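Let me begin by presenting the structure, written as structure tokens, before commenting on it.
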Amino acid sequence: MRQLKKRIVKDFFFSLIIIVMAFSACIPLFLILGFIIKNGASSINLDFFIHLPKPVGEQGGGILNAIIGTFIITGIAFLLATPLSILAGIYLSENRKNAFSEILRTSVDILSSIPSIVIGIIAYLWIVKPMKTFSALSGGIALAIIMLPVVIKSTEETFAIIPYGLKEASFALGVPYYRTILKVILPAGLSGVITGTLIAISRIAGETAPLLFTAFGNPFMNLNLTKPMNTIPLVVFNYTTSPYEQWHKIAWAAALVLLIIVLTLNIFSRIISKKWKVKF
Amino acid sequence: MESQILKIENFSAGFGKCLVLKNIDFSVEQNRITAIMGPSGCGKTTLIRCINRMHEFSPGAVFSGKILLHDEDIYSINPIIVRRKIGMVFQRPNPFPTMSIYENVISGFILNGIKLKKGERDHIVVNSLQKAGLWEEVKDNLHRRGTFLSGGQQQRLCIARALAMNPDILLLDEPTSSLDPKSTLLIEQLMEELKQSITILIVTHNIAQAARISDYVAFLYLGELMEFGLSKEVFTAPKNKKTEEYLTGKFG
Amino acid sequence: MIENRLKEIKQKLIEFSLLTEKIIDGSIKFLLSKESSGLKHIIEIDEPETNELELEIEEMCIEAIAQFAPKASHLRTILMILKINNDLERMGDHAVNICESALFLIERPDLKPLIDIPRMADEATKMLNDSIKAYIEQDPKMAKDVCRRDENVDNLRNQILRELITYMINDPSTIERALHLLRIAQNLERIADLSTNVCEDVVFMVEGKIIKHHHGADPD
């Protein structure tokens, strides 16, 4: 009987510890969120979104150019990386065992483990140098390279869990292979692919390092892809490292905006994966 | 009038060097239910998958011999045509999850890019669902997803989907092995009705089921055809010793 | 499926029982009317036909068992049909025996006016008739009633036996004819017995209760 009681007590404490630990894992997140909101919220107003940065000393000013720049550069990365990665992901899930897919899979793993700053340097050497100018395009390409393995992996995983029976069902109706992939497999995995892509976008939206050598940053509005362009992470980086108190405030606000964008993307991807979830 | 719609002649198949089916020889009578039974791993499923040329999707698939549909070797016909003439229903119900019930039934047309007029489409959907005994249960929910249905209903939806293509032969690969007894009974009754208009070939490891529903039965053991004949004869007095042992539960 | 198959077999069995009844009826009828052609027809045509039917029904039952592995009432029905089938075939054989003795008797002068034998035959065929009715209507009450009537037939047979013994003692030349008459009575008694068997089977089929060997003790 006493043995049993001891066990029940032990059991209780063990559960308690797990709960406490689980909660404490969330503490850093809430601290960061709270800190950023506290410091950033005061500087955020409509002007912040619709005005360009002002020179040091002048009050106000916004980061419109950086917001637009972020959308353009991640847009470039999205357009470049997504079609390629989805096709590669389908290839990997369709050919699980042949030699080429093994090579491809390993390459993707290696690519995903390359630090983003290294990718930035490569983009700098290969694109910025020959073009003799920093540019939005080079930034987009650098981000696309970072995005590739993420989307490939998530696409492969999405398609890998689609039951083989579905493909068989399609074949048994006399549907050719390519139509089966396009009309059965792709729609069934679509929500997974979209979720994966959104998460990848939210990741590259916050990338700074590779953009330092490529998009570089620009205090003015620029829509030309072959010219330097500002992005929100660059604003955060440049303004935080500046000596001006007022710029620090703008940096906090920009960080908050970035956070909101990333969080929104994350929440969206969750909603999509829940709502559009395909039940097999 | 009995006529043989499908003839399997000296057919062997396997994976790489491993032969799963050895010199199978039998014929399938039109508008009859032919059951293929045998212990696990005897090649039942491989055989049925050879008949609509699904076997060749498996890595390392090999085969030899002939399978004649209306006296024409199916291996000399485009596999896509063969599969439209010989429909198949699988062990686990597999309706297309992104499609409604309605779309599932005509998915053979949608996926193949065959355009139908609205009236034709409706007619095929209603007709196929009626044949599959599902119409009454789903007629008010035609535009809901097929995956909302119960397992047994899903399986009948898959049957309707196969019937919509108007095949000559319907292959069923252990269609009730994942279903409860009631759904099983429904599907067995359905087969009884369907054989008026279609030839059915069913793979089952359930001896009782084979006995209940089939007109003819083929017994496969270790890739060889041990016995083929009228079900009532095979189940009463099998000629082959192995069949006798299998039916009396000595192995299997 | 199994229901349909059972229906087919039952139909066949009814056909069989009606033919058997006709044979038994005929054997006595032609004995009384002294029609040897009718008796021969039974021996050569009708009875072989019942044998065919018996085989056919037996085969159907075996196939049904092999194919459907019947349970509960289905199982009881098929088993009882098999037994009833057997009993009916035996009744046919008895009818042939009666016909053979009848053929012997109608060639010869009457030993005595036939009174008890027709009564017995009447009772036996009625029993068979009722047992078949009980089978068709699945009526255990009627079936049990038939079982009780078996005694009447037994009594009639004993009475005939006693009567014939006196004939045989008085005049040995009557022995051969008397024995044939006795054989007819004996076969009728067997037919009545088999009818009670059929009824017992009907009770088992409907109620699942075995009443064999202790009927009469049953209050209803």
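The values are calculated or read from the model by the stated rules, or taken from the named source; none is laboratory data. Worth saying up front: this structure is predicted, and the values here are computed from it rather than measured. Neighbour counts run over all protein chains shown; Cβ positions are idealised from the backbone, glycine included. For accessibility, only protein heavy atoms count, side chains too; no ligands or nucleic acids. Shrake-Rupley method; radii C 1.70, N 1.55, O 1.52, S 1.80 Å.
Of the residues making up segment A:75-95, at least one is more than 30 Å from A:A209 (Cα to Cα) and free of Cβ contacts under 8 Å to residues at least 60 places away in the same chain. Please verify whether A:A142 is more than 14 Å from chain B (Cβ to nearest Cβ) and surrounded by 22 or more Cβ atoms within 10 Å (Cβ to Cβ), treating the condition exactly as stated. Yes: the conditions hold for A:A142.
Each residue in segment B:33-46 was checked for being open to solvent by 10 Å² or more (accessible area, probe 1.4 Å) and more than 13 Å from the chain's Cα centre (by Cα), and 3 pass.
Apart from one condition, B:R49 fits all of (1) surrounded by 14 or more Cβ atoms within 10 Å (Cβ to Cβ); (2) facing another protein chain (nearest Cβ under 8 Å); the exception is (2).
Do the conditions hold for C:I28, that is, is it crowded, with 19+ Cβ neighbours inside 10 Å and within 20 Å of C:Y135 (Cα to Cα)? Spelling it out, it is not the case that C:I28 is crowded, with 19+ Cβ neighbours inside 10 Å and within 20 Å of C:Y135 (Cα to Cα). Per the conditions (1) open to solvent by less than 10 Å² (accessible area, probe 1.4 Å); (2) closer than 17 Å to A:A169 by Cβ; (3) modelled with pLDDT under 90, the sole criterion not satisfied by B:T98 is (1). Restricting attention to segment B:128-151, the residues being more than 13 Å from every other protein chain (Cβ to nearest Cβ) and touching a Phe, Trp or Tyr at 6+ places or on another chain (Cβ under 8 Å) number 4. Of the helices (runs of 4 or more DSSP H) lying entirely inside segment B:125-226, those containing at least 1 residues that are hydrophobic (A, V, I, L, M, F, W, C) and touching an Asp or Glu at 6+ places or on another chain (Cβ under 8 Å) span B:207-213.
Those residues that are farther than 20 Å from B:V20 by Cβ, open to solvent by less than 50 Å² (accessible area, probe 1.4 Å) and without any contact (Cβ under 8 Å) to a residue 24 or more places away in the chain, I need them from segment B:56-79; list them, please. Within segment B:56-79, B:D73, B:I77 meet the criteria. Out of B:I202, B:I159, one residue alone is surrounded by 22 or more Cβ atoms within 10 Å (Cβ to Cβ), away from chain C (no Cβ under 14 Å) and within 30 Å of B:L19 (Cβ to Cβ). It is B:I202.
Residue count for segment B:217-238 under the criterion of being within 14 Å of chain C (Cβ to nearest Cβ) and open to solvent by 30 Å² or more (accessible area, probe 1.4 Å): the result is 5.
If you check A:S154, A:S138, A:S113 for being small (G, A, S), over 30 Å from B:R84 (Cα atoms), modelled with pLDDT of 90 or more and out of contact with any helix residue (DSSP H, G or I) (no Cβ under 7 Å at 6 or more places or on another chain), only one passes: A:S113.
May I ask you to verify whether C:K83 is in a helix (DSSP H, G or I) and either within 30 Å of B:S231 (Cα to Cα) or more than 25 Å from the chain's Cα centre (by Cα) (or both)? Yes.
Among the residues of this structure, B:I81 counts as one that is within 8 Å of chain A (Cβ to nearest Cβ), under 22 Å from the mean Cα position of the chain (by Cα) and closer than 24 Å to B:I67 by Cβ. Scanning segment A:194-220 for residues that are on the phi > 0 side of the Ramachandran plot and in contact with a Leu (Cβ under 6 Å, 6 or more places away or on another chain) returns a single hit, A:G217. For C:V203, the conditions (1) open to solvent by less than 50 Å² (accessible area, probe 1.4 Å); (2) of a type outside the set (F, W, Y); (3) closer than 24 Å to C:L18 by Cβ; (4) under 16 Å from the mean Cα position of the chain (by Cα) are fulfilled apart from (4). Among the candidates A:F220, A:F268, A:F213, the residue that is crowded, with 19+ Cβ neighbours inside 10 Å and in contact (Cβ under 8 Å) with a residue 24 or more places away in the chain is uniquely A:F213. It is to be established whether one or more residues within segment A:41-54 are within 30 Å of A:Y164 (Cα to Cα), open to solvent by 50 Å² or more (accessible area, probe 1.4 Å) and within 25 Å of the chain's Cα centre (by Cα). Looking through segment A:41-54, none of the residues is within 30 Å of A:Y164 (Cα to Cα), open to solvent by 50 Å² or more (accessible area, probe 1.4 Å) and within 25 Å of the chain's Cα centre (by Cα). Scanning segment A:176-225 for residues that are more than 30 Å from B:G113 (Cα to Cα) and small (G, A, S) yields A:A200, A:S202, A:A205, A:G206, A:A209, A:A215, A:G217.
Just to verify a result, which residue in segment B:163-182, among those that are closer than 26 Å to B:G41 by Cβ and away from chain A (no Cβ under 14 Å), is most open to solvent (accessible area, probe 1.4 Å)?
Kept after step one, since they are closer than 26 Å to B:G41 by Cβ, are these residues of segment B:163-182: B:169-181.
Keeping just the survivors that are away from chain A (no Cβ under 14 Å) gives B:176, B:179-181.
Values: B:T176: 15, B:L179: 28, B:D180: 77, B:P181: 108 Å².
Selected residue: B:P181.
Inside segment B:101-127, can you point out the residues that are more than 8 Å from chain A (Cβ to nearest Cβ) and open to solvent by less than 10 Å² (accessible area, probe 1.4 Å)? Working first, answer last.
Within segment B:101-127, the first condition is being more than 8 Å from chain A (Cβ to nearest Cβ), and the residues that meet it are B:101-106, B:109, B:114-127.
Of everything in segment B:101-127, those that are more than 8 Å from chain A (Cβ to nearest Cβ) and open to solvent by less than 10 Å² (accessible area, probe 1.4 Å) turn out to be B:I101, B:N104, B:V105, B:I106, B:V125.
Scanning segment B:11-25 for residues that are aromatic (F, W, Y) and surrounded by fewer than 19 Cβ atoms within 10 Å (Cβ to Cβ) yields one hit, B:F15.
Could you list, in sequence order, all residues of segment A:230-247 that are over 22 Å from A:I261 (Cα atoms) and open to solvent by 60 Å² or more (accessible area, probe 1.4 Å)? Please lay out each step first, then the result.
If we filter segment A:230-247 for residues that are over 22 Å from A:I261 (Cα atoms), which is where we start, we get A:241-246.
Correct list: A:T241, A:P243, A:Y244, A:E245.
I'd like the full set of residues that are within 14 Å of chain B (Cβ to nearest Cβ), β-branched (V, I, T) and open to solvent by 10 Å² or more (accessible area, probe 1.4 Å), limited to segment A:186-210. Show your work before the answer.
Restricting attention to segment A:186-210, the residues satisfying the condition of being within 14 Å of chain B (Cβ to nearest Cβ) are A:186-194.
Keeping just the survivors that are β-branched (V, I, T) gives A:193-194.
A:I194, the sole residue that qualifies.
Every residue, every condition in (1) of a type in the set (S, T, N, Q); (2) more than 22 Å from A:Y244 (Cα to Cα); (3) touching an Asp or Glu at 6+ places or on another chain (Cβ under 7 Å), yes or no:
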site	(1), (2), (3)
A:L16	no, yes, no
A:I27	no, yes, no
A:F35	no, no, no
A:N39	yes, no, no
A:F48	no, no, no
A:P55	no, no, no
A:G69	no, yes, no
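Of all residues in segment B:94-117, none are of a type in the set (K, R) and either outside any loop (DSSP other than H, G, I, E, B) or touching a residue at least 24 places away in the same chain (Cβ under 8 Å) (or both).
Just checking, which of C:K29, C:K7 is within 16 Å of C:N187 (Cβ to Cβ), more than 14 Å from chain B (Cβ to nearest Cβ) and free of Cβ contacts under 8 Å to residues at least 24 places away in the same chain?
On the way: C:K7 fails: within 16 Å of C:N187 (Cβ to Cβ).
Of C:K29, C:K7, the one residue that is within 16 Å of C:N187 (Cβ to Cβ), more than 14 Å from chain B (Cβ to nearest Cβ) and free of Cβ contacts under 8 Å to residues at least 24 places away in the same chain is C:K29.
The numbered conditions (1) closer than 30 Å to B:A162 by Cα; (2) open to solvent by less than 30 Å² (accessible area, probe 1.4 Å); (3) modelled with pLDDT of 90 or more are all true for A:R179 except (2).
A:K227 fulfils the conditions (1) of a type outside the set (S, T, N, Q); (2) surrounded by 20 or more Cβ atoms within 10 Å (Cβ to Cβ); (3) touching a residue at least 24 places away in the same chain (Cβ under 8 Å); (4) closer than 30 Å to A:W126 by Cβ except for a single criterion, (2).
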